[in-house]
């Protein structure tokens, strides 16, 4: 079949005066043949959804159609900025053109069951009796692979998953076999398994009914899988248009090449060599390097030099202990060897077994005496206890002068 289902010519839609650009769509022309899929790609705000709603006659308030002509299967819907009558547009929606909206939760009415909403569509466009309408709804629910169609018929939208709600919207769009199916990002926020099932379903329905599909998406992988033709839009203008193989493999415009280059690849980056010459297993990312540094353990503390050459190492270390936080005291004590003379005053610096443990360290001491290895809890030094009980906050509040009043450990 080579007949044209949708023909848009010279469409121009103006934005409000305070918008970032004058036109939402500027001089757009496109044709879609029966049995073919046209994918429209582009960044957010490029005018893709505006084109879809304009074809359906559901253009948002504030947008002004300045020029253009839209024909559906030979019937003119829009000419010179004026639509057909609203009664005729309502007749064509659902029977000749259907739309799958981007957000199924907002497209469905939360106070009506899913079966009632599909039944409303059939009551509007057909004269079938209630039993026949219910049979058609259950059949289309089974066709879109919804589990337990009778239960889905009586369920409300909030009782279904995202993929099931999306299938409900697809069922409403295709139940009357329209000539044109518009899909505005139908796989948004769906997992890859559900996305693949929905794409396969749309392709099967298109092959059965011979419909033309206008598919709006951001996913270049979806474009490569289902598209026959591709149209690239940017700021309301058509940047590039052509067959899928040509646009994806040999793009002519720089914007199209930028879109293709922004697609993340499936091959992980090669590990970069570390300072020692061995490959870095954590890759080049900054966050991964930070994780590698944390897994490597605490770093060696940077000791402050004595001011004016006064004081020995032990006094400087004792002053440093008072000025740092509780976690840094533990990190320093764990790093330094426990048998250094200047750390004998520290609970973690005492030799193991030198004196019986008291308080929180008693279980670890009993475990060592019994020969069973186990974790050794960190003791709390006196300086950290003072800091945690409020004295440290007062000292930090009123300056360094009061630190000299602390009793030495």
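Here, each number is a calculation from the coordinates, and none is a lab measurement. All figures in this text were calculated on a predicted structure; none of them were measured in a lab. We place every Cβ from the backbone using ideal geometry, glycine too, and count neighbours over all the protein chains shown.
Worth a mention:
- Efficiency of FRET between residue 191 and residue 120 - r from beta-carbon atoms, R0 41 angstrom, step 0.05: 0.85
- The residues 112, 136, when put in order of fewest to most other Cβ atoms within 10 Å, stand as 112, 136.
- Pair residue 139, residue 83: separation of 7 Å Cα→Cβ label points (nm): 3.1 nm
- Label-reachable residues, region 216-256, where backbone N falls under 11 Å from a point 7 Å from residue 21's Cα toward its Cβ: 233-239
- Gyration tensor verdict on region 224-267 (Cα atoms; rounded if a/c is under 1.5, prolate if a/b is larger than b/c, oblate otherwise): oblate
- Rounded FRET efficiency, nearest 0.05, which uses the C-beta distance separating residue 250 from residue 158 and R0 of 60 Å: 0.80
- Annotation: the residues 208, 43, sorted from fewest to most other C-beta atoms within 10 Å of their own C-beta, follow the order 208, 43.
- In plain terms, the chain from residue 76 to residue 209 could stretch by 45.6 nm, reckoned as 0.36 nm per residue minus the Cα-Cα distance.
- Sorted by Cβ density within 10 Å, fewest first, the residues 114, 244: 244, 114
- Taking the three principal axes of the alpha carbon atoms in region 35-139, the coordinate ranges are 46, 32, 30 Å, sorted in descending order.
- Computed FRET value (nearest 0.05) for residue 105 with residue 270, which takes r as the C-beta separation and R₀ as 35 Å: 0.25
- Beta bridges assigned by DSSP with both partners in region 4-261 are antiparallel in approximately 60 percent of cases.
- Length gained on full extension, residue 95 to residue 131, computed as 0.36 nm times the residue gap minus the Cα-Cα distance: 10.9 nm.
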